[in-house]
Amino acid sequence: MKNLMTTAQSTVAMRRWGPPGIVTLAAMVAFATLGPATAAKQARQAAEAVAQREAGEPIMAIVSIKSQQVTFYDADGWILRAPVSTGTTGRETPAGIFAIVEKDKDHRSTMYDDAWMPNMQRITWNGIALHGGPLPGYAASHGCVRMPFGFAENLFDKTNIGMRVIISPNDAAPVDFSHPSLFVPKREAIAAVPSRADKLSFEAEEATRAADETKKAAAAAAKEAASLPASLRKLEQQKARADAELAFADKTLANAKTDPARAKAEELKQKAATKAADATTQLDAAKTAAQPKRDAVAATKEAAKVAAAKKADAVKAATDAKLALEPVSVYISRATQKLYVRRNTHKPAPDGGGEVFDTSIEVPVTIRNPDQPLGTHIFTAMAKTDTGLRWSVVSIESGDDAKNALDRITIPQEVWDRVGPTALPRSSIIISDEPLSSETNYRTEFVAVLSNHPQGGFITRKPTAPSMDIASDDGWDNGGNGFGYFFQQRDPYAQPVNPRRQRGGYQYYQSTQPMQRNWW
């Protein structure tokens, strides 16, 4: 891998005519008229290059702000390389960790006068993206990463949502790495995932049907019992009136002075007593008849509650089993002393933008000497090996070296036991001094920016997490396996942490939800 990452044979990249070609021609004409200093500056621009081998699926892209260059890597090394133009002074492209969250072949900017940004690959929802654009030979964008038009077009269909994009202030490249703390998958665990996912999906369908039936039964029982309070109140009022008439008859009889008056009062009392007895009988009978209905309401309500809980557990277990078929990403922050886990569900976001990422694990983590910087290191599982996974590391911020940084972290064993045995290529572990950016939400991979580097093009844009209700008990997918997808909203609107931590004027992710105690 080392040789593949350090050896390149440059080739002339294919360009297409049309608008990109016109831009290219205009740039060539402009270059001929530039002064010597500017021409020399442009002459140092990196050339496009394609590795002379069959390329695999891109795993990551590394943008070097210093060299104004982007390089894409597959499992065996670099595959594509091109010059770029990043953000200009005051609107700098933020250095940090991102991933593709949306792709648009023919994107028009909603921020900059409908500007054409072809083959756009968004890496933040507030408007930072990779896209085709003019390259003057130096940083000139409003924060995006411009690539050559033809290169961007050729690249567009090769990348997937969730692909890691690393923006480094300096030159950086993946280096082979091994460490006992990295995931070591188990073949038997991976082999068991499909059948387990099928089994749990079936159980989730059954649990969903049972929950629906008990919910209907509870609704029917509640409907049948709905008239009970009113009817009982009516009978109680009827009995109260009869009791009042009987009491009046007793008083009239006691006050009667003559035989005719006493006879009349006695007759009135007998009628009132009969009426009161009938009212009491009717009320007692109604109460007796109502009790089973009340019991049925309580029983079906409790059954529905239990069934709903079983459904939630079954759907979550099925979803987690399917997630085990996806690469896992872990982020460890020295700033928050927490570990976060994400996996792409490949479910479309309900607002139509991007895909939803599962975020159900967030736990404290122990870091030795927490006052000392760790740096920012991205460990990536590049490919399978006979013994597990082959890993690389990319370091983009000074601090401890990658090995020492990993040595200093004690990760809860239950987390490793939960995600490690089924870890696949493209899985990653990120260690950083930085907290997660507020741009991290339910439809992004991890987003973190280096706070000690300019972020102008990032700060000037507002976070754009959509306003919506995420939590659902029947999910967004009402087809397919029949039980949909249950997603608990973690943090579409991140709250700012202590202002003293807001370096660079930008807010950082802080979960507003209670810590999830239930593991995947």
* Scan the range 79-94 for residues that are buried (at least 22 other Cβ atoms within 10 Å of the Cβ), more than 16 Å from LEU135 (Cβ to Cβ) and in contact with a helix residue (DSSP H, G or I) (Cβ under 8 Å, 6 or more places away or on another chain) and jot them down. => GLU92, PRO94
* **Meets criteria (surrounded by 12 or more Cβ atoms within 10 Å (Cβ to Cβ) and farther than 20 Å from ALA307 by Cα) for THR208** => no
* Asked: If you check LYS293, LYS311, which single one turns out to be in a helix (DSSP H, G or I), within 30 Å of ALA217 (Cβ to Cβ) and at pLDDT below 90?
  -> LYS293
* **Positions within the range 174-202 being part of a loop (DSSP other than H, G, I, E, B) and surrounded by 18 or more Cβ atoms within 10 Å (Cβ to Cβ), in sequence order** => PRO174, LEU182, PHE183, PRO185
* Structure fact -> Within the range 347-378, of all residues that are among the β-branched types (Val, Ile, Thr), touching a Ser or Thr at 6+ places or on another chain (Cβ under 8 Å) and over 15 Å from GLU434 (Cα atoms), the one surrounded by the fewest Cβ atoms within 10 Å (Cβ to Cβ) is THR366
* Give me the pairs, please: first residue somewhere in the range 286-315 and farther than 26 Å from GLU205 by Cα, second residue anywhere and modelled with pLDDT under 90 and among the hydroxyl-bearing types (Ser, Thr, Tyr), beta-carbon distance under 9 Å, and either six or more positions apart or on two chains. => ALA286/SER231; ALA290/SER231
* Structure fact -> In the range 402-416, anything at pLDDT 95 or above and not in a strand (DSSP E or B) is listed as ALA402, LYS403, ASN404, ALA405, LEU406, ASP407, ARG408
* Could you please give the count of residues in the range 385-395 that are open to solvent by 30 Å² or more (accessible area, probe 1.4 Å), of a type outside the set (Gly, Ala, Ser) and at pLDDT 95 or above? => 1
* Would you check if ALA240 is at pLDDT 85 or above, under 38 Å from the mean Cα position of the chain (by Cα) and not hydroxyl-bearing (Ser, Thr, Tyr)? => no
* Index of the failed condition, ILE167 passing every other in (1) within 27 Å of LYS305 (Cβ to Cβ); (2) within 25 Å of the chain's Cα centre (by Cα) -> (1)
* Tell me which residues, restricted to the range 439-451, are touching a strand residue (DSSP E or B) at 6+ places or on another chain (Cβ under 8 Å) and open to solvent by 10 Å² or more (accessible area, probe 1.4 Å). => ARG443, GLU445
* Return yes or no: is GLU267 more than 30 Å from SER360 (Cα to Cα), part of a helix (DSSP H, G or I) and not hydroxyl-bearing (Ser, Thr, Tyr)? => yes
* To do: Please tell me if ALA225 is closer than 23 Å to ALA303 by Cβ and either in contact with a Cys (Cβ under 8 Å, 6 or more places away or on another chain) or open to solvent by less than 70 Å² (accessible area, probe 1.4 Å) (or both).
  => yes
* To do: Note down all Cβ pairs under 6 Å where the first residue falls in the range 119-136 and is over 14 Å from PHE149 (Cβ atoms) and open to solvent by 10 Å² or more (accessible area, probe 1.4 Å), the second is assigned to a loop (DSSP other than H, G, I, E, B) and of a type in the set (A, V, I, L, M), and they're at least six residues apart or on different chains.
  => ARG122/VAL101; GLY127/MET111
* **Residues of the range 424-460 satisfying the condition of being within 21 Å of the chain's Cα centre (by Cα), more than 18 Å from GLU355 (Cα to Cα) and assigned to a loop (DSSP other than H, G, I, E, B)** => LEU424, PRO425, GLU434, PRO435, LEU436
* Asked: Is it true that ALA279 is open to solvent by less than 40 Å² (accessible area, probe 1.4 Å) and assigned to a helix (DSSP H, G or I)?
  -> yes
* Looking only at the range 379-386, decide whether some residue is closer than 24 Å to ILE65 by Cβ and either under 22 Å from the mean Cα position of the chain (by Cα) or part of a helix (DSSP H, G or I) (or both). => yes
* Asked: From the set of residues in the range 146-158 that are closer than 19 Å to SER64 by Cα and of a type outside the set (A, V, I, L, M, F, W, C), which is surrounded by the most Cβ atoms within 10 Å (Cβ to Cβ)?
  -> ARG146
* Asked: Does any residue of the range 211-228 turn out to be of a type in the set (Val, Ile, Thr), within 24 Å of LEU424 (Cβ to Cβ) and in a helix (DSSP H, G or I)?
  -> no
* Among the residues of the range 283-305, how many are open to solvent by 60 Å² or more (accessible area, probe 1.4 Å) and either under 30 Å from ARG418 (Cβ atoms) or touching a Lys or Arg at 6+ places or on another chain (Cβ under 9 Å) (or both)? -> 1
* Asked: If you go through the range 336-367, how many residues are among the β-branched types (Val, Ile, Thr), assigned to a loop (DSSP other than H, G, I, E, B) and in contact (Cβ under 8 Å) with a residue 60 or more places away in the chain?
  -> 1
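The values are calculated or read from the model by the stated rules, or taken from the named source; none is laboratory data. All values derive from a computational prediction rather than experimental measurement. No Cβ is skipped: glycine too gets one built from the backbone with ideal geometry, and neighbour counts run over all protein chains shown. Note: accessible area is taken over every heavy atom of the protein model, side chains too, but ligands, DNA and RNA are not part of it. Shrake-Rupley method; radii C 1.70, N 1.55, O 1.52, S 1.80 Å.
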